[in-house]
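Student: Pasting a structure here, questions to come.
The values are calculated or read from the model by the stated rules, or taken from the named source; none is laboratory data. As the structure is a computational prediction, the values presented were derived from the model and not from experiment. Using ideal geometry, Cβ is built from the backbone for each residue, glycine included, and neighbour counts are taken over all protein chains shown.
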Amino acid sequence: METRSSHVPDGLVLVNTGEGKGKTTAALGTALRAFGNGQKVLIFQFIKGSWKYGELEAIRRLGEGIEIRQMGDGFVKHNQDATEETIAAHRQKAEEAWQKLCEEVQSDRWDLIVLDEINYAVHFGLLSVGAVVDLIVHRPKRLNLILTGRYAAQEVIDQADTVTEMTLVKHAFQKGIRARRGIEY
Ligand code: ATP
Ligand code: MG
């Protein structure tokens, strides 16, 4: 007979998308909440440099149970004078990084995995939407996933349980205010 305490509910898939600010920071807030409940959290960063000193330092100070990793050089936009060789090398790195991520997902060591800016990576063709849907569908049943980034694909939205679209009402940047410490980084 199943007891209440042994029951593990199915994981949820959350998507934070839209043009307004708050997609990554909302994911970080949820990660903090999970961590505080003793859950294991892994954060994958698809766009290099998208996580700033403030949050990296905060995560480092939290210690064990929450980790952040970069997806490698593969997931950046190709510049115009890229040669076929450098593009092939890029693809190779992206492929390796993706394999590592898939291994972590399948390891069942994590309660929550954040895929930061993954929607953006799909939008720019660095990653196929089919691969992302496969990852969602074939993940360990209990795993919670958060996918962030503008332009979430409809196929990803269809797989999700909770989807939030941040709406741009205004942003300080529009009146020339540059990124602020503690707010943007
Ligand atoms: P945050 O990391 O603050 O939650 P985000 O993940 O929603 O933001 P991204 O699209 O990843 O937004 O952009 C990251 C950076 O760009 C952040 O520093 C954010 O403040 C800034 N930013 C977000 N939206 C806008 C906007 N509409 N105009 C100008 N800058 C923006
Ligand atoms: Mg972001």
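Student: Does Lys93 fit the bill of being modelled with pLDDT of 95 or more and among the charged types (D, E, K, R)?
Tutor: no
Student: So, in segment 37-59, exactly how many residues are aliphatic (A, V, I, L, M) and assigned to a loop (DSSP other than H, G, I, E, B)?
Tutor: Total meeting the criteria: 1.
Student: Taking the conditions exactly as written (within 16 Å of ligand 1 (Cβ to nearest atom), β-branched (Val, Ile, Thr), part of a helix (DSSP H, G or I) and within 26 Å of Asp108 (Cβ to Cβ)), does Thr30 satisfy them or not?
Tutor: When the stated conditions are applied, Thr30 passes them.
Student: Follow-up. Does segment 65-75 include one or more residues that are at pLDDT 90 or above and either within 15 Å of ligand 1 (Cβ to nearest atom) or at positive phi (or both)?
Tutor: Yes - at least one qualifying residue is present in segment 65-75.
Student: What's the number of the only condition in (1) farther than 21 Å from Asn16 by Cα; (2) free of Cβ contacts under 8 Å to residues at least 40 places away in the same chain; (3) surrounded by 14 or more Cβ atoms within 10 Å (Cβ to Cβ) that Val132 fails to meet?
Tutor: Unmet condition: (1).
Student: Would you please name the residue that is nearest to ligand 2 (Cβ to nearest atom), looking only at residues in segment 24-61 that are farther than 22 Å from Glu165 by Cβ and small (Gly, Ala, Ser)?
Tutor: The extreme case among them is Gly49.
Student: For Arg178, work out the one condition from (1) farther than 21 Å from Asn16 by Cβ; (2) within 11 Å of ligand 1 (Cβ to nearest atom); (3) touching a strand residue (DSSP E or B) at 6+ places or on another chain (Cβ under 9 Å) it doesn't fulfil.
Tutor: Failed condition: (3).
Student: Output yes when any residue across segment 33-45 is basic (Lys, Arg), more than 16 Å from ligand 1 (Cβ to nearest atom) and surrounded by fewer than 16 Cβ atoms within 10 Å (Cβ to Cβ), and no when none is.
Tutor: yes
Student: Tell me, which helices (runs of 4 or more DSSP H) wholly within segment 98-185 include 2 or more residues that are under 23 Å from Leu32 (Cβ atoms)?
Tutor: Correct list: 118-123.
Student: Inspect segment 166-176 for any residue being within 26 Å of Lys40 (Cα to Cα) and either modelled with pLDDT of 95 or more or within 16 Å of ligand 2 (Cβ to nearest atom) (or both) and give the result as yes or no.
Tutor: No, segment 166-176 contains no residue that is within 26 Å of Lys40 (Cα to Cα) and either modelled with pLDDT of 95 or more or within 16 Å of ligand 2 (Cβ to nearest atom) (or both).
Student: Output the number of residues of segment 88-125 satisfying the condition of being in contact (Cβ under 8 Å) with a residue 60 or more places away in the chain and within 16 Å of ligand 1 (Cβ to nearest atom).
Tutor: 8
Student: May I ask you to list the residues in segment 146-158 that are away from ligand 2 (no atom under 16 Å from the Cβ) and touching a helix residue (DSSP H, G or I) at 6+ places or on another chain (Cβ under 7 Å)?
Tutor: Scanning segment 146-158 gives Ala153, Glu155.
Student: Just the residues that are small (Gly, Ala, Ser) and at negative phi, please, taken from segment 117-170.
Tutor: Listed by number, the residues that qualify are Ala121, Ser128, Gly130, Ala131, Ala152, Ala153, Ala160.
Student: Take segment 7-24 and flag every residue that is surrounded by 15 or more Cβ atoms within 10 Å (Cβ to Cβ) and either at pLDDT below 95 or assigned to a helix (DSSP H, G or I) (or both).
Tutor: Answer for segment 7-24, where residues must be surrounded by 15 or more Cβ atoms within 10 Å (Cβ to Cβ) and either at pLDDT below 95 or assigned to a helix (DSSP H, G or I) (or both): Lys23, Thr24.
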